[in-house]
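Enquirer: The following block contains the structure, expressed as structure tokens.
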Amino acid sequence: MSKQNRRGAFIAFAAVAGVVSGLVFLAAAELSALLVARDASPLLAVGSFVIDVVPQPLKEFAISTFGEFDKVALLIGLGLAVVIASAAAGVLQLARPPLGAIALGIAGAASVAATTTRAGVTPLAFLPSVLGAVAGIAALIVLCRRLRTWQRAAAIPDPGAGGDAGADGAAAGVSVDRRRFFALAGIAGASALVVGITSRVVSATSSSVAAIRKGLRLPPARTSVTIPDGAELDIPGISPLFTPNADFYRVDTALTVPTVDPASWRLVIDGMVDKRVELSFDELVEMGLDEYAITLTCVSNVVGGDLVGNAMWLGVPIRDVLRLAGPQTDADMVLSRSVDGYTASTPLSALTDAGRDAILAVGMNGQPLPLEHGFPVRMVVPGLYGYVSATKWVTELKVTTFEKDEAYWTPRGYSAQAPIKFSSRIDTPKIGKSVAAGRIPIAGVAWAQTVGIEAVEVRIDDGEWQRATLSAPISTDTWVQWMLEWDATPGTHYVTVRAINKNGEMQIQESAPIAPDGSTGWQRSLIAVS
Ligand SMILES: Nc1nc2c(c(=O)[nH]1)N[C@H]1C(S)=C(S)[C@@H](COP(=O)(O)O)O[C@H]1N2
Ligand SMILES: [Mo]
């Protein structure tokens, strides 16, 4: 091997030593997180930090490119960054010790900062990062020492005239040093992978809160919603009147689903109130549970999109809960806060006005809230986009003013207040699927929470607008289904839909993007008939 090649090879081995040390760091951190501080995994904390700080356009790019897999993509990206950074630390440590170890120490300090500043973490949250850094640094020092021993042995000049015996002896020494290095790196790397992956999987799947939720029996509803005859149309491909929990869209900034035990959950009502109030889960549900059929909509829903769903919620009016604390008259906003630090700003009037069914929900479609939909308690407010109203895993209602306080999305390009812009969607025929000529239904859903849908109109190509048949509405807070029989003729056709609300207003035709306060436009879809 030439001297040049040998130098290159040792740089590569140093990179291997670095990557192995990085794995040891993460594995030790994951194991100690599993044992002492469940929510303090450095990788996840740094990931959550990234989610909070990336600029809005990048976030939108990630969501539009990776869709539901945006969080997986983030974790893969982070993994790559860890591999590259720890390889660099290895090379540094071999060339200029102890710079590599110092680099790992800095990574440990950054990871302590990321974990301990997450909302609602345990006081021990610093420990996984510290133990991880100590283990990683120890591995790096030991591996690089071994590497240097081997490097020194390999650099022994060919004794030449000194005779064959000397050269053989040196070569044997070199191969022992090489074997020692690779054995150590292999064992450390493999055990780190096994320990790290097992700890993470155990942490993710052994949440005792999932079992607690399964065993939870909610009191029966005091009042239930009457479903009128004709509330659900029987058309293949249309959205069901109630979206099953498993199909309900999920949008949040939580990298891992928060696990909140109802036994330790508390709701604090504070801020501009006559008296601070704290409620336990039992105290909340004892206030009496009622059913509410409310359609939830995300501000990120594009025209024709699927970030909208309808559920039968079981909950307590927020009005009743706020009344216990006595909001002061100069307050105009409630800043709701989640265990994960997320906040939403909701106009106080949307929570207290008579006739507005804003609730603290504990049940969804006949079950306790699913963990990812906010177990054990979330807000649901008819007529406002989710980001300004539907706080999941909610733990605090701070009565305040829009002037004094700001919610999570407000400095990130979204309006502080955001009523839902009413809209309509075509569910069937599916875009891009060709249908057979003949009489077929065109059908979908339309929503205008708090006002109600008066009519839905459909136009084929440039024809007349035709009134669709509507399902019987459950309430003004619930979407309706609509359908129109169509004699489909072969060829391609444009189908356009628009809704009219019960105030006689027409759905906005002009298209608007989702930021800052929700999309507008009429859905126009191309349908191929054969
Ligand atoms: N804690 C928390 N609650 C949250 C969010 C969040 O990021 N964190 N996102 C909000 C947004 S933008 C929407 S649209 C709804 C979505 O609720 P779902 O996931 O149950 O459909 O939750 C809201 N509540
Ligand atoms: Mo949303």
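The values are calculated or read from the model by the stated rules, or taken from the named source; none is laboratory data. Because the structure is predicted, anything quoted here is derived from the model rather than measured. Note: ideal-geometry Cβ built from the backbone for every residue, glycine included; neighbour counts use all protein chains shown. Calculation scope for accessible area: heavy atoms of the full protein, side chains included, ligands and nucleic acids excluded. Shrake-Rupley method; radii C 1.70, N 1.55, O 1.52, S 1.80 Å.
Enquirer: Is there a residue being within 29 Å of Tyr414 (Cα to Cα), within 15 Å of ligand 2 (Cβ to nearest atom) and not aliphatic (A, V, I, L, M) anywhere in the stretch 281-296?
Expert: Within the stretch 281-296, one or more residues are within 29 Å of Tyr414 (Cα to Cα), within 15 Å of ligand 2 (Cβ to nearest atom) and not aliphatic (A, V, I, L, M).
Enquirer: Name the one entry in Ala85, Ala17 that is surrounded by fewer than 20 Cβ atoms within 10 Å (Cβ to Cβ), of a type in the set (A, V, I, L, M, F, W, C), over 23 Å from Thr205 (Cα atoms) and outside the structural domain of Arg250 (by TED's automatic domain parsing).
Expert: The conditions single out Ala85.
Enquirer: Residue under question is Val334, and the condition is that it be more than 22 Å from Thr476 (Cβ to Cβ), modelled with pLDDT of 95 or more and among the β-branched types (Val, Ile, Thr); does it hold?
Expert: yes
Enquirer: Would you confirm whether any residue within the stretch 347-357 is touching a helix residue (DSSP H, G or I) at 6+ places or on another chain (Cβ under 7 Å), outside the structural domain of Asp427 (by TED's automatic domain parsing) and surrounded by fewer than 24 Cβ atoms within 10 Å (Cβ to Cβ)?
Expert: yes
Enquirer: If we scan the stretch 250-269, do we find a residue that is hydroxyl-bearing (Ser, Thr, Tyr), within 11 Å of ligand 1 (Cβ to nearest atom), open to solvent by less than 30 Å² (accessible area, probe 1.4 Å) and not assigned by TED's automatic domain parsing to the domain that holds Ser41?
Expert: Checked against the condition, which is being hydroxyl-bearing (Ser, Thr, Tyr), within 11 Å of ligand 1 (Cβ to nearest atom), open to solvent by less than 30 Å² (accessible area, probe 1.4 Å) and not assigned by TED's automatic domain parsing to the domain that holds Ser41, the stretch 250-269 yields at least one hit.
Enquirer: Is there a residue being more than 16 Å from ligand 2 (Cβ to nearest atom), hydrophobic (A, V, I, L, M, F, W, C) and either crowded, with 24+ Cβ neighbours inside 10 Å or closer than 16 Å to Ala418 by Cβ (or both) anywhere in the stretch 322-329?
Expert: Within the stretch 322-329, not a single residue is more than 16 Å from ligand 2 (Cβ to nearest atom), hydrophobic (A, V, I, L, M, F, W, C) and either crowded, with 24+ Cβ neighbours inside 10 Å or closer than 16 Å to Ala418 by Cβ (or both).
Enquirer: Ser280 - would you say it is within 14 Å of ligand 1 (Cβ to nearest atom) and either open to solvent by less than 40 Å² (accessible area, probe 1.4 Å) or in contact (Cβ under 8 Å) with a residue 40 or more places away in the chain (or both)?
Expert: no
Enquirer: Restricting the search to the stretch 209-237, which residues are touching a residue at least 60 places away in the same chain (Cβ under 8 Å), β-branched (Val, Ile, Thr) and surrounded by 12 or more Cβ atoms within 10 Å (Cβ to Cβ)?
Expert: Answer for the stretch 209-237, where residues must be touching a residue at least 60 places away in the same chain (Cβ under 8 Å), β-branched (Val, Ile, Thr) and surrounded by 12 or more Cβ atoms within 10 Å (Cβ to Cβ): Val209, Val225, Ile227, Ile235.
Enquirer: Using beta carbons and a limit of 7 Å, which pairs, at least six apart or on different chains, have the first residue in the stretch 193-208 and loosely packed, with under 14 Cβ neighbours inside 10 Å and the second one assigned to a helix (DSSP H, G or I)?
Expert: Val202/Leu34
Enquirer: Considering only residues of the stretch 365-419 that are open to solvent by 20 Å² or more (accessible area, probe 1.4 Å) and aliphatic (A, V, I, L, M), which is farthest from ligand 2 (Cβ to nearest atom)?
Expert: It comes out as Leu371.
Enquirer: Determine which single condition Ser349 fails, assuming it passes every other condition in (1) in contact with a strand residue (DSSP E or B) (Cβ under 8 Å, 6 or more places away or on another chain); (2) over 30 Å from Phe49 (Cα atoms); (3) not charged (D, E, K, R).
Expert: (1)
Enquirer: Can you name the condition, by its number, that Ala254 falls short on among (1) in contact with a helix residue (DSSP H, G or I) (Cβ under 6 Å, 6 or more places away or on another chain); (2) modelled with pLDDT under 95; (3) within 16 Å of ligand 2 (Cβ to nearest atom)?
Expert: Exception for Ala254: condition (1).
Enquirer: In the stretch 309-321, what residues are open to solvent by 10 Å² or more (accessible area, probe 1.4 Å) and either within 15 Å of ligand 1 (Cβ to nearest atom) or under 17 Å from Ile474 (Cα atoms) (or both)?
Expert: Met312, Leu314 - these are the residues of the stretch 309-321 that are open to solvent by 10 Å² or more (accessible area, probe 1.4 Å) and either within 15 Å of ligand 1 (Cβ to nearest atom) or under 17 Å from Ile474 (Cα atoms) (or both).
Enquirer: Just give me the residues in the stretch 473-495 being open to solvent by 50 Å² or more (accessible area, probe 1.4 Å), more than 30 Å from Gly383 (Cβ to Cβ), touching a strand residue (DSSP E or B) at 6+ places or on another chain (Cβ under 6 Å) and not charged (D, E, K, R), in sequence order.
Expert: Pro490, Thr492, Tyr494
Enquirer: Go through (1) over 16 Å from Ala361 (Cβ atoms); (2) surrounded by 15 or more Cβ atoms within 10 Å (Cβ to Cβ); (3) touching a helix residue (DSSP H, G or I) at 6+ places or on another chain (Cβ under 7 Å); (4) not basic (Lys, Arg) for Asp274 and report which single condition fails.
Expert: (2)
Enquirer: Also: Would you mind finding the one in Asp306, Asp320 that is in a helix (DSSP H, G or I), farther than 21 Å from Asp405 by Cβ and either in contact with a Cys (Cβ under 8 Å, 6 or more places away or on another chain) or not assigned by TED's automatic domain parsing to the domain that holds Gly444 (or both)?
Expert: Asp320
Enquirer: Continuing with this model, one more query. Can you give me the number of residues within the stretch 366-406 that are among the small types (Gly, Ala, Ser) and within 19 Å of Ser208 (Cβ to Cβ)?
Expert: 1
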